[in-house]
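J.: The structure under discussion is supplied below as structure tokens; questions concerning it will follow.
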Amino acid sequence: MKSFAKINIFLKITGTRGNYHELNSRFVLIKNLFDEISFKSGNFEGFCIKTETEINGENIINKAYNELCKAGFSHELNEFFKNNCVTLKKNIPLGGGLGGGSSNAATFLKMANEELNLKISKRNLMKIGAKIGADVSFFLSDEICANVSGIGEIIMPFDDEIPNFEILQKPVCCDTAKVYKEFRAHFFDTINLKFSARLSRLKSSEILANFKNYMLNDLLVPAQKIYPNLKINNDEFLSGSGSSCFKVK
């Protein structure tokens, strides 16, 4: 199954909730950039993920697996993954702000739900996804375009005019936690709730034609402060916490 990327047309921080940041953002699914996930049969000692790309730390798919177990499906999962493993082919760059990890987790949840006949409703699957990561609920929603708020759990479909995009990979790997920490420490007083609400009502084509990149993504300046090599042209827009950008073709 294809595990698609996303971009943020705009990303505005609206507040905090404990250690999390509340946001208001326009998410758009990018269907010409995707990872590939499949189940491969064989004999395996417990749940495992096989990938050609080295991934530091625990893969987010492990978290998705664990959350499904906590939701009451440990027996079905344990039985299935005695004779199957997850294979993951990465095409979405790591540390790029394109939601690759969250998309992988969401795709795994969908595949497990279907293959194991768990019969979990989309609504409940999205609740499970929200416990895994901020962007997972969007990828589970099956929306092409949506305004996303809260800490990523509120998905409002948006009837949009979506331009054709070119995705640009920058030679930097941004640490999401560090970028958000920099924003909270030095840029929190720049929050503008009225402007954020205004962006939510505009079409994506209007937004990108009328506003500068630093106005649309609250994480751009903090990211560039941490990563001085993150160079972005005036017609390029940062996605998420970076480092990948996009521009209108």
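The values are calculated or read from the model by the stated rules, or taken from the named source; none is laboratory data. Small disclaimer: the values here were computed from a predicted structure and weren't measured. Here Cβ is always computed from backbone atoms with ideal geometry, including for glycine, and neighbour counts include all displayed protein chains. Each accessible area value is taken on the protein alone, full model and side chains, heavy atoms only, with ligands, DNA and RNA left out. Shrake-Rupley method; radii C 1.70, N 1.55, O 1.52, S 1.80 Å.
J.: Tell me the Kirkwood radius of the range 4-88: reciprocal of the mean inverse pair distance over distinct alpha-carbon atoms, in Å.
T.: With all distinct Cα pairs of the range 4-88 included, I get 15.8 Å.
J.: Is there a quick way to get the dipole size of the chain? I mean about its Cα centre, with the Cβ of Lys and Arg at +1 and of Asp and Glu at -1; what is the value in debye to the nearest 20?
T.: 380 debye
J.: Of Lys63/Lys110; Lys31/Lys89; Lys63/Lys212, which pairs sit farther than 26 Å apart, going by alpha carbon to alpha carbon?
T.: The answer is Lys63/Lys212.
J.: Turning to a different aspect of this structure: Enter the Cα centre distance for the pair the range 66-124 and the range 13-48, rounded to the nearest angstrom.
T.: After rounding, the separation between the Cα centres reads 10 Å.
J.: I'd like to check one number: the per residue accessible area of the range 2-157, probe 1.4 Å, reported in Å² as a whole number.
T.: Accessible surface, normalised per residue, equals 46 Å².
J.: At 1.4 Å probe size, with every protein chain present, just tell me what the per residue accessible area of the range 165-248 comes to in Å².
T.: Roughly 54 Å² per residue, with all protein chains present.
J.: With all protein chains present, how much of the accessible area of the range 165-248 (probe radius 1.4 Å) comes from carbon and sulfur, to the nearest whole percent?
T.: Accessible surface attributable to carbon and sulfur in the range 165-248 totals 51 percent.
J.: Still on this structure, I have one more. Can you give the convex hull volume per residue for the Cα atoms of the range 165-248, as a whole number of Å³?
T.: Expressed per residue, the convex hull around the Cα atoms of the range 165-248 is 87 Å³.
J.: Compare the peptides 177-185, 137-145, 12-20 by average per-residue count of other Cβ atoms within 10 angstrom and give them in order, highest first.
T.: Order by mean packing, descending: 137-145, 177-185, 12-20.
J.: Here is a follow-up. Report, to two decimal places, the Cα Rg of the range 106-173 normalised by 2.2 N^0.38 Å (N = number of residues).
T.: Output field value: 1.31.
J.: Moving to a separate point now. Can you pull the one-decimal nm distance between simple spin-label points at Lys82 and Lys2, each 7 Å off the Cα toward Cβ?
T.: With each label placed 7 Å out from Cα toward Cβ, I get 3.6 nm.
J.: Taking the Cα centre of the range 165-248 as the origin and placing charges on Cβ (Lys, Arg +1; Asp, Glu -1), which of Phe246, Leu199, Ile167 is farthest toward the positive end of the dipole?
T.: Working it through, the farthest residue towards the positive pole turns out to be Leu199.
J.: Do you know the relative contact order of the range 2-157, to the nearest whole percent, from alpha carbon pairs under 8 angstrom that are 6+ apart?
T.: 29 percent
J.: Per 10 Å bin from zero, what fraction in whole % of the C-alpha pairs of the range 160-209 is there, up to the bin with the longest pair?
T.: 19, 29, 44, 9
J.: Once you charge only the Cβ atoms, +1 for Lys and Arg and -1 for Asp and Glu, what is the size of the charge dipole of the range 165-248 about its Cα centre, to the nearest 20 debye?
T.: That gives a dipole near 160 debye.
J.: What's the whole-number percent of alpha carbon pairs in the chain lying beyond 22 angstrom?
T.: 54 percent
J.: Rounded to the nearest 10 Å², what accessible area does Val86 have for a 1.4 Å probe in the complete protein model?
T.: 0 Å²
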